[in-house]
Amino acid sequence: MALSPRLESAFNDQVSLELSSAHQYLSFSAWFEAEGLPGMANWMRLQAAEEHEHAMRFYRFLLDRNSKVRLGSIPEPATDFDSVLAVFRAALAAEQRVTAAINELYAAATAANDYASYPLLDWFVNEQVEEEATVQQIIDDLTRIGDAGHALLLLDRELGGRAAGSGGSE
């Protein structure tokens, strides 16, 4: 059951957006490494891997639906940030862009009566709620921490405890 050309294009755009998000998270990780915050760097690397896996879910879905995969270009990610808080705010903005794109994809699938897309999109809708909540919690923690360097180091250690496959909210 092939996708309509409009949906095929939209799903391909989502693959590219997810890969772009992975690329941006890897850039965040590099910034944290340079700042001497290996726990946050680890958290961002794992997030990059998760975003890549999200792209692959859409990729496989396209193939399962007898549709052509067309990988779009990925813009160069931001590399310079003013603070740890600025990085996490950028991460939240990126997650919000992904959420908006998934909502648009869901609306397009609904308009096309493409019910076969719903299970995948339902999973992503729920995933984005978790993703945004996790990053928002880190932003809230950073806001409470303020300029307390020792608290930043404790948060770095906490985020460094995230293991591969554990998800962003662990």
| said: Under 8 Å between Cβ atoms, which residue pairs at least 6 apart in sequence (or on different chains) link something in the stretch 33-49 that is among the charged types (D, E, K, R) with a partner that is part of a helix (DSSP H, G or I) and at pLDDT 95 or above? | reply: E33/A41; E35/V84; R45/Y25; R45/L26; R45/S29
| Residue that is exposed (fewer than 14 other Cβ atoms within 10 Å of the Cβ), of a type in the set (G, A, S) and out of contact with any Lys or Arg (no Cβ under 8 Å at 6 or more places or on another chain), where the choices are A100, A109 | A100
| request: Pick out the one residue from R70, R60 that is at pLDDT 95 or above, farther than 22 Å from Q136 by Cβ and part of a loop (DSSP other than H, G, I, E, B). | output: R70
| Just checking, how many residues over the stretch 112-131 are open to solvent by less than 50 Å² (accessible area, probe 1.4 Å) and over 18 Å from N12 (Cα atoms)? | 3
| field | Residue, nearest to L37 (Cα to Cα), within the stretch 56-96, restricted to residues that are among the polar types (S, T, N, Q) and out of contact with any Phe, Trp or Tyr (no Cβ under 8 Å at 6 or more places or on another chain) | value | S83
| request: Considering each of A10, A41, A93, A55 in turn, give the residue that is within 25 Å of R157 (Cβ to Cβ), out of contact with any Cys (no Cβ under 6 Å at 6 or more places or on another chain), modelled with pLDDT of 95 or more and in a helix (DSSP H, G or I). | output: A41
| Members of the stretch 48-65 that are under 11 Å from the mean Cα position of the chain (by Cα) and more than 17 Å from W123 (Cα to Cα) | A48, A49
| query | Taking the stretch 50-73 as the region of interest, how many residues are surrounded by 15 or more Cβ atoms within 10 Å (Cβ to Cβ) and among the hydrophobic types (A, V, I, L, M, F, W, C)? | reply | 4
| query | For the stretch 75-90, what are the residues that are surrounded by 14 or more Cβ atoms within 10 Å (Cβ to Cβ) and either modelled with pLDDT under 95 or more than 14 Å from the chain's Cα centre (by Cα) (or both)? | reply | A78, F81, V84, L85, A86
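The values are calculated or read from the model by the stated rules, or taken from the named source; none is laboratory data. No experiment lies behind these values; they were computed from the predicted model shown. We place every Cβ from the backbone using ideal geometry, glycine too, and count neighbours over all the protein chains shown. Note: areas computed on protein heavy atoms with side chains; ligands, DNA, RNA excluded. Shrake-Rupley method; radii C 1.70, N 1.55, O 1.52, S 1.80 Å.
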